[in-house]
Amino acid sequence: MSHHFNNYIAGEWRAAKSGQTVENRNPADADDAIGAFPDSSAEDLNEAVAAAREAFEAWRKVPAPLRALKVQRAGELMRERKEDISRQMTREMGKVIAETRGDTQEGIDTAFYMAGEGRRLFGVTTPVELPNKFGMAVRRPVGVAGLITPWNFPMAIPTWKVFPALVAGNTVIIKPATYTPATVCELGSILEEAGVPSGVFNIVCGRGSTVGEAMLHHNEINVLSFTGSSAVGRRINEVGGKTLKRVSLELGGKNAQIVLADADLDLALEGVLWGAYGTTGQRCTATSRLILEETIHDRMVQMLVDAAAKLKLGNGLDESVQVGPLVSAEQRETVHSYVEIGREEGAELALGGEYYEEGDCARGYFYRPTVFVGVTPTMRIAQEEIFGPVLSVFKVKDAEEAMRVLNDSSYGLSSSIYTRDVNLAFKAIEDLDAGITYVNGPTIGAEVHLPFGGVKDTGNGHREGSFTVFDVFTEWKSVYVDYSGRLQRAQIDVEE
Ligand code: UN1
């Protein structure tokens, strides 16, 4: 009998009104059932929005430092339960336990960082042009926030959105990814225990085509924050554009690591293995392109193929396993279809390119770490996000060509360069078109207190993480106090 999970609406755990559920299974082991989750509809969403709307008036009046204390308490509870949360997350999503511990830790870091923001939430004071007049800008909550989160970071990404939204005084409805609702239900229990009042935080489980669509069209949702594919992001932006809903989008990536001839090749190898095969390539920040200067190309490819072939695949709860399964059968088929596309395009398969079904792995969705060489920028495997353990290798003449190839992408989330030449490193920082540039580190591994997001088709200009996320979850109000006791006309009564 698998465990039954519920929605969390107006401070109560409730089944979907229709009574429908969807069952989830462990992607490493189809025999392991995680639970049955509500397959909610617009009706459930409407109830959650009504609860969030009602709770908003009182929540926005709670002083921000006190709202933040609830988030701090949630962080403390997450820290106490880190191991249980992480183990459940590995069962639910597949990535290895060291990484799910990292994912939970990212949520804890966000909690404590955002708890501190409750005593900052800085606005601006500035001189004004007229005498005896004061000017400042303050932040106000937006209202009801709708959050749609992905499965690859089942705890970290929900916390990136939920905690700042709450600290800023919004009320929240979250629709977790259909593959990973259990982790978000755990977050819900934690927020309940931390004392977040009824209706302030709500969970509605279900599909994008039902709950997601309903969120998108709901007039009482004032801001929508989404992390996921560019295709879905485009649709959200279109509909949001019509209703003038504020929309924050964190979309795809096609991140590249450059290795120049002067780099520490062993270090670069460790970086690319982690960037390309960590999380089985299922990060927005994953390294899916490796750009090598020609003089070190053959050596580096050999090192890479030898090392990637040795990575241990299996159930992520085994501490010695380095690469878990893909999240679903469908995801594995997509990855494999890209491998076939790469072959047809004329790229050379240097490693992998097939399902991995040895021993117990036959019960899951495993895929061998894959390396393509001889990739050129116009190929689809060079341009499209694959979201799997597939790395495309490019050979270039010099640093300048390397940066050109890196920038030849419709995406711009993360980037990386390995070099010992400080001048080239700074040139890369200046010229790489991406929201993140790592020097002598892989493309993955952003920290929570720096802005996170990308340029081009990676998003719509917003940033999560750090204080910049408050530009998503607050409205600015400019305030003028004229204490001159007379009418002073701006731009007119100004004496130069
Ligand atoms: C994502 O893949 O959407 O920078 C988030 C990283 C992690 C977050 C990734 N801290 O790789």
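Rule-based calculations on the coordinates, nothing more; no lab input. This structure is a prediction, so every number in the text was calculated from the model and none was measured. Cβ coordinates were reconstructed from backbone atoms using ideal geometry, including for glycine residues, and neighbour counts include every protein chain displayed.
For region 154-228, applying the loop criterion from DSSP together with a ceiling of 11 other beta carbons within 10 Å to the GluC sites (Glu not before Pro) yields no site.
With 27 Å as the limit, the listed pairs K82/K175; K175/K242; K397/K427; K254/K427; K133/K242; K310/K397 have K133/K242; K310/K397 beyond it between alpha carbons.
Partner lysines whose Cα lies under 16 Å from the Cα of K312, excluding those fewer than 8 positions away in the same chain, are identified as K95. With a Förster radius of 22 Å applied to the beta-carbon distance between A33 and S189, the computed FRET efficiency rounds to 0.65. Under a model in which nothing but the beta-carbon of Lys, Arg (+1) and Asp, Glu (-1) is charged, region 1-123 shows a dipole of about 700 debye around its Cα centre. Across region 427-478, C-alpha contacts under 8 Å between residues 6 or more apart give a mean separation that, scaled by the residue count, equals a relative contact order of 25 percent. Considering only DSSP beta bridges where both residues belong to the chain, give the percentage that are antiparallel (nearest 5). Beta bridges within the chain, antiparallel portion: roughly 45 percent.
Please work out the Kirkwood hydrodynamic radius for region 255-439, using every pair of different C-alpha atoms, and report it in angstroms with one decimal place.
After inverting the mean inverse Cα-Cα distance, the result is 16.4 Å.
Using equal-weight Cα scatterers in the Debye expression, the normalised intensity of the chain in log10 at q = 0.10 Å⁻¹ is -0.78. Treat the count of other C-beta atoms within 10 Å as a stand-in for reagent exposure and order C361, C284, C205, C185 from fewest to most. The fewest-first ordering by Cβ neighbours comes to C361, C185, C205, C284. Each Lys and Arg contributes +1 and each Asp and Glu -1, all at the Cβ; summed about the Cα centre of region 255-439, the dipole is approximately 200 debye. Counted without the sites themselves, the longest stretch of the chain free of chymotrypsin sites (Phe, Trp or Tyr not before Pro) in a DSSP loop having at most 12 other beta carbon atoms within 10 Å is 123-482.
Please give me the summed charge of the neighbours of L273: other residues whose Cβ is under 13 Å from its Cβ, Lys and Arg +1, Asp and Glu -1. Present the calculation step by step, with values, prior to reporting the outcome.
On the way: positive: K310, K312; negative: D266, E270, D306.
Net charge around L273: -1.
In the chain, a dipole from Cβ-located charges (positive for Lys and Arg, negative for Asp and Glu) runs towards its positive end, and of P325, T104, F426 it is T104 whose Cα lies farthest in that direction.
Compute the signed sum of charges (Lys and Arg +1, Asp and Glu -1) over the other residues within less than 13 Å, Cβ to Cβ, of D31.
Numbers: positive: R25, R91, R363; negative: E23, D29, D32, D360.
Computed value for this residue: -1.
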